[in-house]
Amino acid sequence: MKRIQLIIILLIAAFTLCSLNSQAQINENQDTTELFESLNDSIDLINSINYFVDSLGYYMFSEGSDSLEIDSPINLSDDDLPASDIYSDWDSLRVHYPKFDFATKTDTTELALIEDNAKYIQPVPGNVTSNFGMRRRMFHYGIDLKLNTGDTVASAFDGVVRLTKRSRSYGYVVVVRHYNGLETLYAHLSKILVQPNEKVDAGDPIGLGGNTGWSRGSHLHWETRYLGAAINPNDIYDLTSKTIKKDTLAISKHTFEYMNKIHLYKKRLRGAKVHTVKKGETLSHIAKKYGTTVQKLKKINKIKGDKINPKQRIRLK
């Protein structure tokens with residue numbers, strides 16, 4: 001065991017030296033204040049060194065658990081759990097509640113976003129840097145809000161913290177289940193300030209903004225879900241005035257029509273036989289888009305080098 005740990009430490013040192021040299025070259029030509037979009041399918045090069053070392057040590061010495069250690073767990077009775085009439089369980093391990101099949105939903109559910117003395121607070125005051133919807137070849141199930149590392153991130157509504165976790169993609173993430181039936185997710189945090197089962201009010205700090213997980217630059221990735229399915233935040237919030245659009249949210253199968261677009265897009269990619277090269281595209285871009293490899297594309301199209309030209313037709317099968 002000690003020999004394995006020594007080998008791993010040597011590999012970390014070698015990786016770190018190589019990465020530092022590469023990062024020095026990047027920093028010479030890049031303004032580090034530039035805000036990048038988050039990519040849930042690609043690793044942030046700027047953050048990779050710390051995240052790699054941190055994650056490796058984490059998995060070596062934490063016995064593989066992804067849950068954060070809690071010094072003094074908070075116990076709640078079933079009566080204290082929000083929306084217990086909607087959700088069948090309270091899970092502090094899985095980030096996403098099992099998704100309900102909304103294609104079978106025939107009625108409309110009315111959720112009260114604001115009632116009694118409850119209120120809504122936008123988690124951070126920053127503007128939207130990446131919106132909900134298709135982004136490159138992936139679907140972005142939330143919105144990205146601008147912040148600086150260390151900025152306070154607040155709970156959007158009153159509720160109870162369901163989960164705090166370090167995820168490979170989300171980094172430090174908090175999920176809060178609210179009394180109105182929604183769940184909100186706050187990702188890429190640098191620090192978590194709450195514990196599972198902790199009650200929070202709208203505006204209470206739940207973490208500090210950061211750049212952890214698969215992220216490019218400090219920002220908050222923020223999702224709003226109902227029974228595990230993401231809702232377009234633009235249907236709920238006015239992200240310019242930082243208020244909610246209406247006091248009640250009507251949820252039906254039409255709320256999740258974007259899922260049909262995702263299925264059609266994936267089906268179209270699987271059935272595609274030819275791709276016409278666009279300006280700036282590489283074989284690597286095309287291979288990732290269609291779920292294949294550069295080697296296969298080269299073999300099918302009898303391409304020897306890596307150079308391709310705009311408007312060139314690339315056979316996929």
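A few comments on the model shown:
- 5 angstrom amide H check on R135, placed H, neighbours 5+ away: H140
- Solvent exposure ordering (accessible area, 1.4 Å, most first) of F157, F100, F139: F100, F139, F157
- Charge dipole of the stretch 162-259 about the Cα centre (unit charges at C-beta), most positive-ward option of N197, P233, H254: N197
- Using only side-chain charges placed at the Cβ, +1 for Lys and Arg and -1 for Asp and Glu, the dipole size of the stretch 189-265 relative to its Cα centre rounds to 200 debye.
- Tail fraction, Cα-Cα pairs, the stretch 169-317, threshold 19 Å, whole percent: 68 percent
- This model, with +1 at the C-beta of Lys and Arg and -1 at the C-beta of Asp and Glu, gives the stretch 178-317 a dipole about its Cα centre of some 2040 debye.
- Listed residues K307, K317 arranged by accessible area, highest first, probe 1.4 Å: K307, K317
- Nearest-10 value in Å² for the accessible area of M134, using the 1.4 Å probe: 90 Å²
- Linear extension gain, N234 paired with K307, 0.36 nm per residue minus alpha-carbon span: 22.2 nm
- The share of accessible area on the stretch 92-144 that comes from carbon and sulfur is 51 percent, using a 1.4 angstrom probe.
- Surface calculation, 1.4 Å probe, protein heavy atoms: I192 sits at approximately 30 Å² accessible.
- Dipole axis of the stretch 101-159 (+1 Lys, Arg; -1 Asp, Glu on Cβ), positive-most option in S130, G159, L113: S130
The values are calculated or read from the model by the stated rules, or taken from the named source; none is laboratory data. Note that the coordinates shown come from a computational prediction; the quantities given were computed from them, not determined experimentally. FYI the Cβ positions are ideal-geometry reconstructions off the backbone, even for glycines, and counts take in every protein chain you see. We work out accessible area using only protein heavy atoms, side chains counted, and drop any ligands, DNA or RNA first. Shrake-Rupley method; radii C 1.70, N 1.55, O 1.52, S 1.80 Å.
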